[in-house]
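The values are calculated or read from the model by the stated rules, or taken from the named source; none is laboratory data. Note that the structure is a prediction, hence the values are computed from the model and not measured. Counting neighbours? That spans all protein chains shown, and the Cβs are built from the backbone with ideal geometry, glycine included. We work out accessible area using only protein heavy atoms, side chains counted, and drop any ligands, DNA or RNA first. Shrake-Rupley method; radii C 1.70, N 1.55, O 1.52, S 1.80 Å.
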Amino acid sequence: MKQIFLNKLILSIDVGSSGSNLYKSSKLLKKISLQFPSFGMAKRTIKTFSIRRGEYISCFCSLSKKKGILFLYKMLKLKTFTINESNFSLTSTFGIGISDHLELGYNFDQKIGIHGINIIGDLSRRGYRIKLKKEQDPK
């Protein structure tokens with residue numbers, strides 16, 4: 001039987017606006033993952049949410065190998081080691097979310113506030129990248 005392993009785990013905080021809230025959420029993500037987060041831009045302008053195209057609205061961080069597995073263990077401990085079938089996609093990814101980061105055991109910080117975190121995991125088998133390499137066009 002082929003073994004399935006965790007390829008990567010992505011932690012993201014979607015703020016919806018740039019400025020101080022995004023800066024605070026990036027500080028939190030840096031505190032949780034122990035690495036500097038990247039920022040995501042809005043693809044289009046949405047007037048009702050007052051979001052402009054090209055504005056930074058989210059921050060995310062990618063964990064792999066041991067760090068990812070340890071963080072996933074923490075998350076599954078919160079969810080009583082169960083993930084719903086609806087959380088899985090057809091392409092071997094799953095998503096879990098928590099409403100506030102205090103559930104992970106971190107203390108409340110007045111400067112940062114409370115933020116929800118989305119966790120997206122990517123599962124794959126050994127040798128899966130070779131299949132993707134064969135599908136790529138030669139340069």
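Rounded, prolate or oblate, given the Cα gyration tensor of the range 1-49, with a/c below 1.5 counting as rounded?
It is oblate, given that a/c is not under 1.5 and a/b is not larger than b/c.
Over the chain, what relative contact order in percent results from Cα pairs under 8 Å that are six or more residues apart?
33 percent
Of Ile32, His101, Phe5, which is farthest on the positive side of the dipole of the chain, counting Cα position, with +1 on Lys and Arg Cβ, -1 on Asp and Glu Cβ, and the Cα centre as origin?
Phe5
When the chain is fully extended, how far beyond the present Cα-Cα distance does Ser92 get from Lys8, taking 0.36 nm per residue of separation?
Between Ser92 and Lys8, full extension yields an extra 29.1 nm.
Over all pairs of distinct alpha carbons, what does the Kirkwood formula give as the hydrodynamic radius of the range 79-139, in Å?
After inverting the mean inverse Cα-Cα distance, the result is 15.0 Å.
Under a point-charge model restricted to the Cβ atoms of Lys and Arg (+1) and Asp and Glu (-1), what is the dipole moment magnitude of the chain relative to its Cα centre, in debye to the nearest 20?
640 debye
Straight-line reach only, C-alpha to C-alpha below 25 angstrom: list the lysines that Lys30 could link to, leaving out same-chain residues fewer than 8 apart.
Those lysines meeting the cut-off are Lys8, Lys43, Lys65, Lys66, Lys67, Lys74, Lys77, Lys79, Lys111.
Could you state the accessible area per residue of the range 23-139 in Å², with a 1.4 Å probe and every protein chain left in place?
76 Å²
Assign one of three labels to the chain, namely rounded, prolate or oblate, based on the Cα gyration tensor with a ≥ b ≥ c the square roots of its eigenvalues; rounded applies when a/c is under 1.5, prolate when it is not and a/b is larger than b/c, and oblate otherwise.
Since a/c reaches 1.5 but b/c is at least a/b, the shape of the chain is classed as oblate.
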